[in-house]
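Accompanying notes for the structure given below.
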Amino acid sequence: MKSIREIYKIGKGPSSSHTMGPQAASLLFINKYPNATKYKVVLYGSLAKTGKGHMTDVAILEVLPQEKTEIIFYRDNIELPHENTMDFFAYNSIGNEKGHLRIMSIGGGDIQVEGIPNDPKQEVYQENSFAEIAEYCKKHNIRISDYVEEKEGAGIWAYLASVWETMRRAIHEGLTTTGVLAGGLGVERKAEYLFNQRHIDESKATKETRIVCSYAFAASEQNAGGGVVVTAPTCGASGVLPAVLKYKSEALGSTEEEILRALAVAGITGNLVKQNASVSGAECGCQAEIGTACSMAAAALAELFDMGIDQIEYAAEIALEHHLGLTCDPICGLVQIPCIERNAVAAMRAINAVTLASFLTFTRKISFDLIVQTMYETGKDLNARYRETSDGGLAKLYK
């Protein structure tokens, strides 16, 4: 399993698989063929159907020269190696093809070049399931966060510190920015309103919901507006984990070290989903994005509460299990409706999952590994219209 640095990528929104991935692919291609006279990029699947709304073409043209590049959105349904597939072509001065790569944007900003296997040297963790990690940690009498440091090295804490700083900055900027998000839907930013408008008869529970949701809205609106966020595990789900950690760390008075350890546990949780299933909405629906984000947040919060490894696993499992079947149907291909609101709902669900796990861990029947496998099979069984194509659900019915 790769480093958790791969689950936490810092970059511009609105979509890790539709902007960060294609941009990384473009950079790889132009470095391989820097002197081409012309470039052509053909986008297929979800990239073709929602790429305009996700600004895929904008991301590509930030790397490839605009005056030399043709982008084709091929929207016909054809058999593909992945739902986010791209063909890159380079041509010489007389129009002959001098290079071609087929690249898949596989979720969370990661890419895979067809025909090139993963480099085994990139593997950091020998354990590839929660069961294996739990067994290792119990055998050596360490916590998951200690396990992360052992495998990644002490340098991981500086990286996670930059991740946490970026998350907090995204929330701050989102809370202090108002107006209408670009894209044509007329969606107003709501984070600042949620944060400042106290309920007329506000209980402690009501305040918690309002503040947690305002933090989730803030980061998600920054993402939708093309701001800098952290994939956790994706841009579209980037508001869940920061919202939960910021609110609860403030309430508990947590130290930065405790927060970074919580991020480490969340990173392992997201890594396991990415390794054994998918974090791509185009491949498995929104359960793979928001469901994984909720699971990561629940695991992080359980660590922040210093809960045991079995409780951490149960919290993560509950959070993912109750997102099974969640569709990805963004209106107009924009990461706005239902995506922003969904981040807030998932943040509250993560908190509830930890509460349940604190009481009921000894009764659990379902492992985290089993629910990850179930999510993947469920995602593959979803009708393609509900996997980030905007061909079904809200995207189809909303006028």
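The values are calculated or read from the model by the stated rules, or taken from the named source; none is laboratory data. None of these values were measured; they are calculated from a predicted model. Every residue, glycine among them, receives a Cβ derived from its backbone with ideal geometry; neighbour counts consider all protein chains shown. Accessible surface areas use protein heavy atoms only, side chains included; no ligands, DNA or RNA. Shrake-Rupley method; radii C 1.70, N 1.55, O 1.52, S 1.80 Å.
When the pairs Lys68/Lys98; Lys40/Lys380; Lys207/Lys248 are compared against a 22 Å limit on Cα-Cα distance, Lys40/Lys380 fall above it. Placing pseudo-labels 7 Å out from each Cα toward the beta carbon at Ser358 and Ala154 gives an inter-label distance of 3.4 nm.
Applying 0.36 nm per residue to the separation of Asp146 and Ile366 and subtracting their alpha-carbon distance, the gain on full extension is 76.7 nm. For Gly109, neighbours were defined as the other residues whose beta-carbon sits under 12 Å from its Cβ, and their charges (Lys and Arg +1, Asp and Glu -1) total +2.
Between Ser15, Val212, Ser254, the Cα set farthest toward the positive side of the dipole of the chain (charges on each charged residue's Cβ, about the Cα centre) is that of Ser15. For the chain, the longest principal axis of the C-alpha atoms and the axis of helix 130-140 are separated by about 50°. Probing with 1.4 Å while keeping every protein chain in the model, the per residue accessible area of segment 300-346 equals 29 Å².
Quick one: with all protein chains in place, what share of the accessible area of the chain is carbon or sulfur, to the nearest percent (1.4 Å probe)? Using a 1.4 Å probe with all protein chains present, the chain comes out at 51 percent carbon and sulfur. Shape class of segment 73-231 from the alpha-carbon gyration tensor: oblate, with a/c at 1.5 or above and b/c at least as large as a/b. Note on the chain: dipole from Cβ charges, positive end direction compared against Ser203, Thr374, Leu43; the farthest Cα belongs to Leu43.
Remark on the chain: Cys137, Cys213, Cys235, Cys284, Cys294, Cys332, Cys339 stand apart, with no other cysteine beta carbon under 4.7 Å. The residues of segment 348-399 present an accessible area of 60 Å² per residue when probed at 1.4 Å with all protein chains retained.
Could you tell me which residue out of Gly99, Gly115, Ala182 lies farthest along the dipole of segment 72-189 toward its positive end? Charges go on the beta carbon: Lys and Arg +1, Asp and Glu -1, centred on the Cα centre. After comparing all options, I get Ala182. Ligands, DNA and RNA are left out, and with a 1.4 angstrom probe the accessible area of segment 1-92 is 41 Å² per residue. Here segment 17-88 is treated with +1 on each Lys and Arg Cβ and -1 on each Asp and Glu Cβ, and its dipole about the Cα centre works out to around 120 debye. Taking label positions 7 Å along the Cα-Cβ direction at both Ser162 and Val113, the computed distance is 2.4 nm, reported to one decimal.
Checking the Cα-Cα distances for Lys139/Lys365; Lys49/Lys399; Lys52/Lys396; Lys190/Lys399 against a 25 Å cut-off, no pair goes over it. Packing, taken as the mean count of other beta carbons within 10 Å per residue, orders the peptides 305-317, 203-215 from highest to lowest as 305-317, 203-215. First select every other residue whose beta carbon is under 13 angstrom from the beta carbon of Tyr159; then total the charges, Lys and Arg +1, Asp and Glu -1. Cβ neighbours under 13 Å give a net charge of -2.
Which GluC sites (Glu not before Pro) does segment 122-201 hold that lie in a coil by DSSP with at most 10 other beta carbons within 10 Å? Sparse-neighbourhood loop GluC sites (Glu not before Pro): none present.
A straight chain from Ser203 to Ala182 at 0.36 nm per residue would run longer than the Cα-Cα distance by 4.1 nm.
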